[in-house]
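Some notes on the structure that comes next.
The values are calculated or read from the model by the stated rules, or taken from the named source; none is laboratory data. The shown structure was predicted, so the numbers you read here are calculated from the model rather than taken from an experiment. Cβ: placed from backbone, ideal geometry, glycine included. Neighbour counts: every protein chain shown. To get the accessible areas, we keep the full protein, side chains included, count just its heavy atoms, and leave off ligands, DNA and RNA. Shrake-Rupley method; radii C 1.70, N 1.55, O 1.52, S 1.80 Å.
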Amino acid sequence: VDDIELNKNITLNDIFISVKTTKHYQYTRLPIILKTWFQLAKEQTWFFTDTETKQHQNQTNGHMVNTNCSASHQRKHLCCKMSVEYDRFLESGKKWFCHFDDDNYVNVPRLVSVLQTYKHQEDWYLGRTSVYEPVKIYKKPTNKLMFSFWFATGGAGFCISRSLALKMLPVASGGRFISICEGIRLPDDVSVGFIIEHLMKKNLTLVPEFHSHLEQMKLLPPETFRDQISFSYSKAKDEWNVVNVPGFDTRYDPTRFLSLHCFLFPHFKFCPR
Ligand code: UDP
Ligand code: MN
């Protein structure tokens, strides 16, 4: 029976794309996503937020999920959102769970083609690390190293196969993920790494095509944009950390995502021709 499954390639429809967002960014970050890459994955992308807005429900065909988690950057509330994202993925029946932040640009065709090279029936945790060594947990009061683990940076995006997500079910489903976060007192993405690497004993597979703003975005060569899965941006004081891409004026497109989108998909209506 499985032979048929194995030969069938993954399509966009097999992927559950979740984006963590918040009411604080609904009129800044969200519109950029809705205008660009969301248009290529409307049916597959879901936004996990902390508010209810008619306008965005209409724009996304009801794909805004009000998690009822608090609108704050505190660990507990970010873990609350991740918990809802994971539960919704399980319910969706899809083969891959891919999480992103709302300051990510997702190169949808590339996400699909990379996932096609892995089997969803196997246990896969795909992403990018942003630290040079694993997280180390020490026993108190002796300070003896108990264990260490790697995690994929949430702000770069990561994907988990259904097989692995199902194995996490007893420890992570139905809000149990929040208890894990609180138990180890680590952020949501680190807690995902803890569950997968430490509890499930499955290793993170490094996929360097995921990118967060912990990297210098301008170092990515335009010739490689098509091969990348995700991009990001950030602003510290007056400095933007953004992709170096030709296109719109920086006053109109400070994040560079509109220009990036036109670089990748020049046929879009809003792109100059
Ligand atoms: N976020 C949130 N609630 C908040 C602040 C941020 O859900 O109160 C989300 C935000 O939408 C984004 C992620 O958390 O998807 C990371 O936020 P941000 O980029 O502001 O911070 P970073 O951790 O990257 O510095
Ligand atoms: Mn960010």
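Please report the carbon-and-sulfur percent of the accessible area for the chain; probe 1.4 Å, protein heavy atoms only, DNA, RNA and ligands left out. Walk me through the numbers before you get to the answer.
Working: 7160 of 13480 Å².
Of the solvent-accessible surface of the chain, carbon and sulfur hold 53 percent.
Within the set K119/K167; K81/K139; K81/K237; K20/K202, which residue pairs have Cα atoms separated by over 23 Å? Numbers along the way, then the final one.
Details: K119/K167 15 Å; K81/K139 29 Å; K81/K237 28 Å; K20/K202 25 Å.
Check vs 23 Å cut-off fails for K81/K139; K81/K237; K20/K202.
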task = Check cross-link reach from K140 to the aspartates and glutamates: straight Cα distance under 20 Å, and skip same-chain residues fewer than eight apart.
result = E182
remark   = Largest fluctuation, C159, C262, C79 only, Gaussian network model of the chain with Cα springs under 10 angstrom, belongs to C262
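On average, how much accessible surface per residue is there in the chain, in Å², for a 1.4 Å probe, leaving out ligands, DNA and RNA?
Values: 13480 Å² over 273 residues.
Heavy-atom SASA per residue in the chain reads 49 Å².
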inquiry  = Going Cα to Cα from K269, which lysines come in below 18 Å? Please leave out same-chain ones fewer than 8 positions away.
reply    = K35, K42
note = Share (percent) of C-alpha pair distances in the stretch 26-156 greater than 21 Å works out to 52
request  = Work from the charge dipole of the chain (Cβ charges, +1 for Lys and Arg, -1 for Asp and Glu, about the Cα centre) and give the residue of Y27, F147, H267 farthest towards its positive end.
outcome  = F147
request  = Could you check what % of the DSSP bridge pairs in the chain are antiparallel, to the nearest 5?
outcome  = 55
Estimated vicinal HN-Hα couplings, Hz - the stretch 188-194 in sequence order (Karplus 6.51, -1.76, 1.60; Gly, Pro = x) = 4, 5, 5, 5, 4, x, 4
task = Lys and Arg at +1, Asp and Glu at -1: add these up for the other residues within a Cβ distance under 13 Å of K23 and post the number.
result = 0
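Per Stokes-Einstein, at 20 °C and 1.002 mPa s, what whole-number D in µm² s⁻¹ belongs to the stretch 131-227, with the Kirkwood radius over Cα pairs as the hydrodynamic radius? Write out the running numbers ahead of the final one.
Values: Rh = 15.1 Å.
D = 142 µm²/s.
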request  = Choose one answer from I180, I15, I229: the residue with the largest mean-square fluctuation in a GNM of the chain with alpha-carbon springs under 10 Å.
outcome  = I180
message = What three numbers, in Å, describe the spread of the alpha carbons of the chain along their principal axes, ordered from the longest?
response = 62, 53, 39
ask   = For the residue pair N66 and D227, what label-to-label distance in nm results when each label sits 7 Å from Cα along the Cα-to-beta-carbon direction?
value = 4.5
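Which percent of the Cα-Cα distances in the stretch 59-102 go past 17 Å?
Working: 359 of 946 pairs.
In whole percent, the long-distance tail amounts to 38.
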Selected from G155, G93, G193 as most flexible by GNM, with the chain as the system and alpha-carbon contacts under 10 Å = G93
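Mean residue ellipticity at 222 nm from the helices of the chain, using -39,500 (n - 2.57) per DSSP H segment of n ≥ 4 over the full residue count, to the nearest 500 deg cm²/dmol?
-7500 deg cm²/dmol
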request  = For K23, go through the aspartates and glutamates and keep the ones whose alpha-carbon is under 13 Å away, minus same-chain ones fewer than eight residues off.
outcome  = D50, E52, D102
